[in-house]
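For reference, the structure discussed in these notes is given below.
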Amino acid sequence: MKMTHVRNATMLIDYDNSTVLIDPMLGARGSMDPFPAVSGNTARNPMVDLVVPLERLVTPDVVVVTHTHADHWDAAAASMLPREVPILVQHAEDADIITGYGFTDVRILDEPIVVSDIEFTRTSAQHSSDEILEALPSLGQVMGVILRRDSEPTVYVAGDTVMTDNVRDTLRDNAPDIVVLNTGGATPTPMGPIIMSPDDVEEVARLAPRAHIVSVHMEALNHCPVTREDVHREAALHGITDRISIPEDGECLTF
């Protein structure tokens, strides 16, 4: 199995002859307005170029959209992806948004689905603390996803979530081989981050002792202050450097 980190939360997962595109943000550098940011960073998003050739990104066998915020499903993805590609989403609202662009095979992942010989299972995610969600209901519902295929590693993509008991249960109950964490610490308000931060990596490593962790969703958006170096330092502090990958944009990991 190969995993190519594209940018932010966008990645390609290749199982033999099947390719899964996760959370496509395909627009050009600076094509979106900045998000609210406690840091005061007002750079336009994405802050970095797309370094993976577009022709590799627009012919997947399956697309997973954990939610339809613009950094996980943008206008460029809606414009360029083939209308007939299977797209897996969490709920009817996201399905309606995507079918509104003319996509003809949008599936709600309310139970495990097998596509291209890969089993996809939705997992619970929470896009910030209860307090922040009450103040910012526009953050909406999100999901994670588990990918399974015979004779290949089991991958848990946690999605845009903070650490919750549901995430802990997912780690314990599924014993994933690979865990992808969004650790950019996105902080739109002084109330705190709305996704994971470097200090969550150590807990995930303890809860899933056989898993390799892939840390992403950094250095691409104006409201994500966490850097790759921050995660490197946290991993070194806890002696888990050998269990974590922090890929550069365009880097391919082989498992």
Self-check item: Contacts under 8 angstrom Cβ, first residue in region 139-162 being open to solvent by 10 Å² or more (accessible area, probe 1.4 Å), partner part of a loop (DSSP other than H, G, I, E, B) and small (Gly, Ala, Ser), 6 or more apart
Solution: Leu139/Ser128; Thr154/Ala175; Val162/Ser128; Val162/Ser129
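Yes or no, residue by residue, for (1) of a type in the set (A, V, I, L, M); (2) closer than 22 Å to Gly140 by Cα; (3) out of contact with any helix residue (DSSP H, G or I) (no Cβ under 8 Å at 6 or more places or on another chain):
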{"position": "Val180", "(1), (2), (3)": "yes, yes, yes"}
{"position": "Thr183", "(1), (2), (3)": "no, yes, no"}
{"position": "Pro190", "(1), (2), (3)": "no, yes, yes"}
{"position": "Pro193", "(1), (2), (3)": "no, yes, yes"}
{"position": "Arg206", "(1), (2), (3)": "no, no, yes"}
{"position": "His212", "(1), (2), (3)": "no, no, no"}
{"position": "Glu219", "(1), (2), (3)": "no, no, no"}
{"position": "Val226", "(1), (2), (3)": "yes, no, yes"}
Practice problem: List every residue pair whose Cβ atoms lie under 6 Å apart, where the two residues are 6 or more positions apart in sequence or sit on different chains, the first residue falls within region 34-49 and is charged (D, E, K, R), and the second residue, located anywhere, is at pLDDT 95 or above. | Solution: Arg44/Gly30; Arg44/Pro34; Asp49/Arg29
Quiz item: When only residues in region 167-197 that are among the hydrophobic types (A, V, I, L, M, F, W, C) and assigned to a loop (DSSP other than H, G, I, E, B) count, which is surrounded by the fewest Cβ atoms within 10 Å (Cβ to Cβ)?
Solution: Ala175
Practice problem: Confirm whether Ala220 is open to solvent by less than 20 Å² (accessible area, probe 1.4 Å), among the small types (Gly, Ala, Ser) and closer than 24 Å to Met47 by Cα. | Solution: yes
Self-check item: Val214 vs. criteria open to solvent by less than 40 Å² (accessible area, probe 1.4 Å), at pLDDT 95 or above and within 17 Å of Tyr156 (Cβ to Cβ)
Solution: yes
Quiz item: Considering region 95-120 alone, what residues qualify as being out of contact with any helix residue (DSSP H, G or I) (no Cβ under 8 Å at 6 or more places or on another chain), in a strand (DSSP E or B) and surrounded by 15 or more Cβ atoms within 10 Å (Cβ to Cβ)?
Solution: Ile113, Val115, Ile118, Phe120
Practice problem: Could you list, in sequence order, all residues of region 223-238 that are more than 20 Å from Gly192 (Cβ to Cβ) and either surrounded by 21 or more Cβ atoms within 10 Å (Cβ to Cβ) or modelled with pLDDT under 95 (or both)? | Solution: Ala235
Quiz item: Restricting attention to region 130-164, which residues are within 11 Å of Ile194 (Cα to Cα), at pLDDT below 95 and in a loop (DSSP other than H, G, I, E, B)?
Solution: Leu136
Self-check item: Unique residue being assigned to a loop (DSSP other than H, G, I, E, B) and at pLDDT 95 or above when the list is Glu203, Glu219
Solution: Glu219
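The rows are residues; the columns are (1) charged (D, E, K, R); (2) in contact (Cβ under 8 Å) with a residue 40 or more places away in the chain.
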| residue | (1), (2) |
| --- | --- |
| Val167 | no, yes |
| Ala175 | no, no |
| Thr189 | no, yes |
| His212 | no, yes |
| Thr227 | no, no |
| Arg233 | yes, no |
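The values are calculated or read from the model by the stated rules, or taken from the named source; none is laboratory data. All figures in this text were calculated on a predicted structure; none of them were measured in a lab. Cβ atoms come from the backbone with ideal geometry, glycine included; neighbour counts cover every protein chain shown. The protein model used for the area step is the full one, side chains on, heavy atoms only, and it has no ligands, DNA or RNA in it. Shrake-Rupley method; radii C 1.70, N 1.55, O 1.52, S 1.80 Å.
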